[in-house]
Structure formats: C-alpha cells, structure tokens
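Notes to accompany the following structure.
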Amino acid sequence: MYDCVIVGAGPAGGSAAYHLAKRGRSVLVLEKETLPRYKPCGGGVSPQVAQWFDFDFSPAISLKLRSVRYTWNKEDPVEVELASQEPIWMVRRDVFDHFLIKQAQLQEAELRDGTEVLGISWHSDHWEIKTAAGLVQGKYLIAADGGKGKLAQLLGFKERKRRLAGALEAEAPVEHQDHAVHFEFGLVKNGYIWNFPKADGYSVGIGTFRGGEPQDFKKILQNYATLFNLDISQARQYGHPICLWDGKQKLHTQNALLAGEAACVVDPFSAEGIRPSIYSGMQAGLAIDRALGGDSNALSDYSTLINEEWGSDMAWAQRLAGLFYRVPHLGYKLGVKRPSATRRMGLILSGEMRYRDIADRAIKRLTAGLVPGRGTTI
C-alpha cells in the first residue's frame, strides 16, 4: 500500500514524486514507456523551475540561450537579447524527464517503467490500479499521464475544459548550429513555427493553437527548414496533440488529482508546457502530503490554487492569443518587432512577470491597429 501512486513519468509526475518522497511519503511512479524515452517537444524550459527544487539541473540541460530571433515568412528578422536574470534552458525531454525521475528515486520513490495502467477502481479508502504486471494499491492517485492519457476519464473527468492544439516536430542533427531561439509567424496560420537548438542539433516544430482550416504541416515545416539549410524530409517527424488551458475547472476527485497536461495547463498563447507541468506536479505532491497529514481540504485547495495562481493568468494569455493569432501580421508589426515586447515575454516565461502585467496594454495596441486612422491596418 503506497501513500501515493503517480501515473506518468513526465515533468508533472517526476515533480510530484520528488516532493512527496522528500517528505517521507511512499511513492510509486508507473510509466508505460521504458525510460529514457523520446518525447516530441521543443524543449524550452524556464529557469524559474530551479527555484522549486534543491538540486542542480545542469546535467539535464543541453544549452542555455539568451538570444531570440523572429521572422515573418522567413524575412523581416528581429533579434533580441532576453532581459531575464537567467537564460532559457534547451533540453532533450528523454534526458530531462529521466533526470527528474532519478532525483525522485534518490529520495526513495519507486519507478516501474514499461508498465501500462489498464484500469483503476476505488475500494473504501484506497485506489487499486490494474497493470499488466499485476495490481498495486495507493491511498492517493495523481494522473500525470499527459494530454493523450486515459486516467482523467477513468477518474470521471469526462467534460474537462480543454483546447486541443496540434503540433508536428522534427529532429535534425547538425554539427554547427545557430545559438538563438527561433520563431516564425508568417508561414503558418493560427500558430507559429519554432527552431530550438540543442548541443547536437535542432528541434524544429510547428503548432496551431486556435483551430481553423487544415494545413500541410510537413510541407510548411520543410519550407521553413530551408532557412537553416536543412532537409527534414529525412529526419524523424512526430505529430502530437497539445492540451491547452481553456478555463478554470475542478482538478480533484476522491483521493485523486490531475496534474500536467492531464490537467490542461499548457499556455494557450506560447504553448509553454514544461514549466506549468512541473508547477502543477509540485503542487499536487504538496497537496497530497497535506492530505496524508489530515488536511481534509488539501485536494480542493489544490484545484483552487491552480485555477487562481495559474489559470487566472492564463485567462489573459487566452485573450491575447485570440487576438494575436487572428491578426498575426499586425501582431508581428506592433508587438513582436518591438524589442521591449520580446523582453517582457522573456520575463513572463522566466516567471518574473505575468501576462496580466502586459496583456491589457498589448490587446489595446492590437485593437487600435485594426481601426482605420488609428494605426496600422491590414
């Protein structure tokens, strides 16, 4: 009988496991893949996450970058140095996720990878989790199995508020790469393209976050890759959904919590997912520690915390995304091309600012640009 069983060994599951195990709780992490495993993801991580742990992440970081470069239809470039105290981390998710789980194991959390969850059931005062290798029991359960995971539905969260976005990513090994974070806004509708350097190559991806008509992701991505003299037609390509935040909602049920993309915490404007997943995983672990200690409100307080601390700011991100991706050319001219806007966005991604500090002004600027005689029109 474990104090907590965590399903999923990504950033949310690893964070929850670490914080629970560090407090002396017995923890089991179930992961259907064998670690380390490849995970399609740009791999940009805010250095803010270091504040939530007491160990050094350096072994899991591929590069640290301060330069951000934007283009519109591969032209009209803008390059800005971030003003945040620490540079953005570039990571490989197979390395990063496994590193985080190993830190939890050092605190005596148990990992069973290659173990898929087949079903769950509630028995009086604990969860029984069925796996191909047999049954396990836990007083509490954390569903951290991602946007495609089935635990949320098995727990009864059938009507979650979420907006599914689509993404395609390719891994391109190169010996000498440009050490800047790249974003392209003109080639794709309702989203952007990214190129995140790693020590051994590029992670090039495309995502759409507001719906709309179908687009040929592979063709668009190949077109963009020519900017870096890449032929990604021969590279490994992975399509995957992204579970964006789409409003406040209940994230707890009987002795169980949702965390990470299972809780739909991805930023609806930037599609940043690692930092909110780690934050929700940490808070889920702390909430269950309090519940084990006798706090009957700990799980409901978790829902309130995530909704208020993260969700209230994501409401501003959602408003900004709704306008920016509707008129991206205007957004590029009035927002992206302003160095101050990029610096503020860097401060948001590093946790030093909030969307609510900038979104109202940015929305007014974009709205004014749509009015003839008051600014740029398209």
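Picking from D76, D94, D267, which is most flexible by a Gaussian network model of the chain using Cα springs under 10 Å?
D76
Classify the stretch 8-63 as rounded, prolate or oblate from the Cα gyration tensor: take a ≥ b ≥ c as the square roots of its eigenvalues, call it rounded if a/c is under 1.5, otherwise prolate when a/b beats b/c and oblate if not.
Cα axes put the stretch 8-63 in the oblate bin.
Could you tell me what percent of the DSSP beta bridges with both partners in the chain are antiparallel, to the nearest 5?
So the antiparallel bridges amount to about 70 percent of the total.
Quick one: length gained pulling R236 to D56 fully straight, 0.36 nm per residue minus the C-alpha distance?
61.7 nm
Mind listing the phi-derived Karplus ³J(HN,Hα) values for the stretch 26-31, rounded to whole Hz, using 6.51, -1.76 and 1.60 with θ = phi - 60°, and x for any glycine or proline?
Per residue, the Karplus-derived 3J(HN,Hα) values read 7, 10, 10, 10, 9, 9 Hz.
Give me the percent of accessible area attributable to carbon and sulfur for the stretch 231-305, probe 1.4 angstrom.
45 percent
How much of the DSSP bridge set in the stretch 1-119 is antiparallel, in percent, rounded to the nearest 5?
55 percent
Pulled fully out, how much extra length does the chain show between V95 and N73, if you take 0.36 nm times their separation in residues and subtract their Cα-Cα distance?
4.6 nm
Apply the Karplus parameterisation 6.51 cos²θ - 1.76 cosθ + 1.60, with θ equal to phi minus 60°, to every residue of the stretch 109-121 and state each ³J(HN,Hα) to the nearest whole Hz, in sequence, with x for glycine and proline.
My calculation for the stretch 109-121 gives 5, 9, 10, 10, 8, x, 10, 8, 7, 9, x, 9, 8 Hz in order.
For an R0 of 45 angstrom, estimate the FRET efficiency from the Cβ-Cβ distance between E175 and S124 and round to the nearest 0.05.
FRET efficiency, E175 to S124: 0.15.
At a 1.4 Å probe, what is the % contribution of carbon and sulfur to the accessible area of the stretch 73-173?
After summing per-atom areas, the C and S share lands at 45 percent.
Could you compute how much accessible surface S62 exposes when probed at 1.4 Å, giving the result in Å² to the nearest 10?
About 40 Å², ignoring ligands and nucleic acids.
I'd like to check one number: the per residue accessible area of the chain, probe 1.4 Å, reported in Å² as a whole number.
Accessible surface, normalised per residue, equals 42 Å².
The values are calculated or read from the model by the stated rules, or taken from the named source; none is laboratory data. Not measured: the values here are computed from a predicted model. Methodologically, a virtual Cβ is constructed for each residue, glycine included, from the backbone with ideal geometry; neighbour enumeration extends over all protein chains shown. For accessibility, only protein heavy atoms count, side chains too; no ligands or nucleic acids. Shrake-Rupley method; radii C 1.70, N 1.55, O 1.52, S 1.80 Å.
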